[in-house]
Amino acid sequence: MTATATPGNLKFTATPPTEVLGPVKARVKDFSFHYANGFQALKSINLSVAENQVTALIGPSGCGKSTLLRSFNRMHDLYARNRYHGEIILSPENINLVGPELDPIEIRMRVSMVFQKPNPFPKSIFENVAFGLRVRGERNKAYVNQRVEESLRGAALWDEVKDRLDQSGLALSGGQQQRLCIARALATDPEILLFDEPTAALDPISTTKVEDLVVELKKTVTIVIVTHNMQQAARVADYTAFMYLGELIEFDVTNKLFTTPTNPMTEQYLTGRFG
Amino acid sequence: MTEPTPPTPDAPMRDVAALRRNIASRKRADKSFFISGALIIFVSLGILAVLFGNLLSEGWPALTQTYYTKADKSGFGRDDLGGEITRVGDGWTVQIPLATLSDIKDSDVSKGLVGKKVGIVGRLRGGAIPQIIVREIGLADQIAAADITGTLERTQTPPAKPGDEAEVVYNILPGPLAVNVDKIPAEEKSALVSGTPVAFKMDDRVKEGRFTARSVSPLITKNFFTSFPSRNPGEAGILSAWVGTLLVMLVTMLAAIPLGAAAGIYLEEYAPKNRLTSIIEINIANLAGVPSIIWGLMALGLFVYTLALGRSVLTAGLTLGLLVLPIVIIATREAIRSIPNTIREASIGLGATKWQTIRYHILPYSMPGILTGSIIAMSRAIGETAPLVTIGALTFIAFLPRSPIPPIQREISVEQQSTYDLAVAKDPSTPPPQPQLHFTGGEWLTSEFTVMPIQLFQWVSRPQLEFHQNAAATGVVLLAMTLTLNGLAIFLRFRLRRNLKW
Amino acid sequence: MSGQRVKEFFIEGFLFIAGASSILITLGIVFVLLYETIPFFAWQSRALHLPEAVAGHTTVSAVLVRAGDEVVQGTPILEAAIVEDGARKSVQLVASQFTRINEINVKVGDSIARDTLVISADERVRFTDFFGDRLWAPVFDIPRFGIWSLITGTLVTTAVALMVAVPAGTISAIWLSEYCNPALREWIKPTLELLAAVPTVVYGYFALLVVTPLLQRLFGLVGYDLDGFNMLSAGLVMGIMIIPYIASLSEDAMRAVPMQMREGSYAMGATRFQTAVRVLIPAALSGMTAAYILAISRAVGETMIVALAAGLQSKFTLDPTESAATISAAIVQAVMGDLPHESTAYRAVFAAGLGLMIITLFFNIAGHMLRKRYREAY
Ligand SMILES: Nc1ncnc2c1ncn2[C@@H]1O[C@H](COP(=O)(O)OP(=O)(O)OP(=O)(O)O)[C@@H](O)[C@H]1O
Ligand SMILES: [Mg+2]
């Protein structure tokens, strides 16, 4: 596979993807993506997402990280004429996530997402967290209460909000709102949790809290996280993928990618010479 | 890393089959909402279509009617008769249209007359098919002074279902009536051409297919748009109404557009961001929501009584002008707001003053937007009824305000005429007065008027079905006008959006 | 240069006047309404004219509403009329509750000549007459000014209209903003807005001559005889008219909700319907409420539909199948009768108009504030 672009005067080849250790939750195979305007944002991506591990996507702005992330739960289906090519195979049933025969709603119920900008609904804290359950038609009050509490605890927010669950979710601070969104995503017990730069809008303390949370959460859920912050990737991720101009340049165990990248492109990026 | 916790035992959605069932039921709700939404929109648009279709089908007879003025005005049995004239040898004959005898009984007597030449004394009733209310019918030679003579014909439509009654209609096929043209003035006689519809002023009743004519005039085929309102529904038209509408709209336009555009320019380009400005803004939004009837009351108190402008075209135009002013102001502001600041800066940078910037840059660029807003405003004003009812616009106006163009007309004044009358009495050879120039440009403003919505309102309120036809026909015209104006505005807005390049 | 300066000054002055004209117009409206309403409620002196025919000697026979048969100070009198009883003529004083006699110099049984009878009276309508009465009939012999009957008429027609327009408008709004593809929406929305552009008098025609007969036939099926004028038909058609106000404004409000909010909901596996109902409606609530409120204000002020289809006679009823006048219809009814300027009935029209103005103003300001709020929210 050859990259088409050459930053600086560096000629480079994408490094073939490393296979992950342990069980794979999702396998991205020859995956390409075109936006409605015909722009190809992803070019033949191959990548494996390890189960109950954190996989980070890094790369310069506009390289297609969000595009790839949003493919995992078919967010692109919300807009007409976006096209997927290739496959993202989800274990254990080995179904193709981006297959047209598969209902995006089903996928979104299994693959949750936390966005860059906290987007709580204009509802109470409780209802924000219970949203996924309500949407599924869950009527068992005790179960909903229990899930809300578990999720808020899971998102390390319970102690801060337990006395004001009926207050508006919009009244929380930015960091709290983001954790509320994480709790919301957790409440339905997803198999994969996607984070798109979850700390981009947060202060350092909130960032630390969210990062700790990500590490904590991987016990129960497979995590894919997009980040601009390489320290963050190093702190939280087990695997890291470096992308550039819609291509996957290098994918490896985080430690290895950050210390001994095989691809000179990756090294250039990590040392801050472009991006 | 600690040991992984097992998945929550009661997480039901890990069961893919249950999950799919759940989705299926939710998608059914989604789908039924989609269908009901589409249905509601479809029905709403359908109502618009039904509305228009109903108006059109109800109003079609009135819209398309053309009829002979003279003959209809008084009907048979008075001194007028209309028909088509044909030259036959030295004389003339007139062929009048086939008429239905409306209240003739299907008796043995009438059956006996079928196929015979009969004479009828009766009255013509208006409507699309000439119907004669029969007062007397008999063999032509037995009725001394018939209103109409012709051959009687009986048609029987078989019953639609067994058990129904057969429908019997009597028609009279009027025979050609010979005209004694001796008494007709020469110039009228020369106007007679075979085949033209004409009206006669008759001296006598028809006698055995012959009558003497006193005067003849080509029948004006009148239609809905060229007739004044009338007590006779078949004859009534919207001439004064549409002329009134046009004149009122002219005043409305002249009042609302310059004032609205100026206000919009002030608010966008000059107004400081202070309390007064924000009060003006809220005030404009509120004015846009003032019910139209209130505008009528304002006009009644202010224009009609305080300023003594009367129930005139001017009052109506000003009232509607103020009523739609907020629409023009809001449209102007939106148009100006969409012009990027760079244009202003570029112009000011070149040394132009504020007004020059507005005059040469802002105004031209915002013109399409202002125009669109003005069109919408006019379409609103054209249909307004309540304020005009309130100021007392008259419904029965059988005259036209004097035309605003040309503003200067030649006419013989009342004094000229009276001096002439006196002079002629003394000396018959006095030359007739010459028409002199008079300025008549503003007279229409103070004239009384009616407009189409008022005419429609009045006709709907009448019990007679024929007037409802007229109402529907007026509705068609009114709706066509508003929809055209709106369509134009939509089109302009589309083009505007496409052409917007900044 | 200075010439240019002067010119600019005058132009700015002119533009300012144009900008401020809206304030003048508002003041004009308020002034006219108050100018006629205040004397309506305040004592106005009124000369009681005796008809010409009261010549020579006449006997006073007073007919009073409350007091005995003697005309006393402060007893209300409406009209002095002549009654001919054989050869004997008498003046009859017909009382109404709106008049107060200041001075009357005759007693019942007095024999009087025309110029010896002096009655000076004041007339006014009390707030208790205005708000306490249940009938509005300003041109009756004994007029009644009960605004409540008009308010109930307005209330019922508005309620019927909202029952049509709120669900239909809201569903249309959701459909247009969430279900319809943008290219189609570009066409459907302006076409739907045409419903609001149809002249209301045409809707009145439609209500009276199409919808009412249809309803009559429907009601006939269950054996109910529906009046040719009824508030139901007027309300239904008015509802159709205001669908686009609600649909268009609510759709704007829903589309102003940021995309992230929708994505958040979809990412949780919600369907479009669930997203609309559970997320967008709460998020767009202030904008949608503004739409409803502006629609209410439209319906309350609407005139021609109700004047044509709901009837012009006031009636205190909440039954939509009955005929009753709204405030606006009552105004039309009154002005069509060519009221004498400065009569109490003429002023009553303005008092009713002021009431209407206050109601709609309240809704307009509320709607305006709410719209501003949602515009600032995102
Ligand atoms: N809706 C869209 N239509 C067309 N092109 C798009 C669209 N969204 C994104 N793109 C393009 O696709 C490419 C990848 O975008 P993407 O949002 O995935 O980048 P990213 O790696 O997430 O960048 P960032 O770090 O800035 O978020 C960019 O070049 C962008 O311009
Ligand atoms: Mg991104």
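The values are calculated or read from the model by the stated rules, or taken from the named source; none is laboratory data. If you're wondering where the values come from, they're calculated on a predicted model, not measured in any experiment. Cβ: placed from backbone, ideal geometry, glycine included. Neighbour counts: every protein chain shown. Just the protein is used for accessible areas: all its heavy atoms, side chains included, with ligands, DNA and RNA removed. Shrake-Rupley method; radii C 1.70, N 1.55, O 1.52, S 1.80 Å.
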Leaving ligands, DNA and RNA out of it, report the carbon-plus-sulfur percent of the accessible area of the range C:145-377 at a 1.4 Å probe. 66 percent
Rolling a 1.4 angstrom probe over the protein chains, ignoring ligands and nucleic acids, what is the accessible area of residue C:252 in square angstrom, nearest 10? 60 Å²
Measuring from a point 7 Å past the Cα of residue B:275 along Cα-to-C-beta, which residues in the range C:1-21 have an amide N at less than 18 Å? C:20
With label points built 7 Å along Cα→Cβ from the Cα atoms of residue C:5 and residue B:354, find their separation and express it in nm. 1.5 nm
Would you tell me the mean number of C-beta atoms belonging to other protein chains that fall within 10 Å of each C-beta in C:280-290, as a whole number? 1
Output for the range A:164-270: trypsin sites (Lys or Arg not before Pro) sitting in coil per DSSP, at most 15 other Cβ within 10 Å, listed by number, reads A:164, A:219
Semi-axes in Å, largest first, for the range C:220-378 (Cα gyration tensor, √(5λ)) are 40, 22, 9
Strictly over 22 Å apart at the Cα level, which of A:25/A:219; A:25/A:218; B:273/B:354; A:123/A:209; B:27/C:189 would you flag in this model? A:123/A:209; B:27/C:189
Simple spin-label estimate for residue B:24/residue C:343, 7 Å along Cα→Cβ, in nm, reads 7.5 nm
How compact is the range A:166-275 by the rule of thumb for globular proteins, expressed as Cα Rg over 2.2 N^0.38 Å? 1.19
With all pairs of different alpha carbon atoms counted, what Kirkwood hydrodynamic radius in Å does the range A:2-270 show? 19.0 Å
Ratio of the Cα radius of gyration of the range B:245-334 to 2.2 N^0.38 Å, where N counts its residues: 1.15
Let me cross-check residue C:339: its accessible surface, 1.4 Å probe, with only protein heavy atoms counted, in Å² to the nearest 10? 20 Å²
Once the Cα atoms of helix A:204-217 and of chain A are each reduced to a long axis, what angle between those two axes, in degrees from 0 to 90 to the nearest 10, is obtained? 90 degrees
What FRET efficiency do you get for residue C:14 and residue C:225 if R0 is 56 Å and r is their Cβ-Cβ distance, rounded to the nearest 0.05? 0.35
Take peptide B:304-315, look around each residue's Cβ out to 10 angstrom, count Cβ atoms belonging to other protein chains, and average those counts. 1
What length, rounded to one decimal in nm, is gained on full extension from residue B:189 through to residue B:56, with 0.36 nm per residue of separation minus their alpha-carbon distance? 43.7 nm
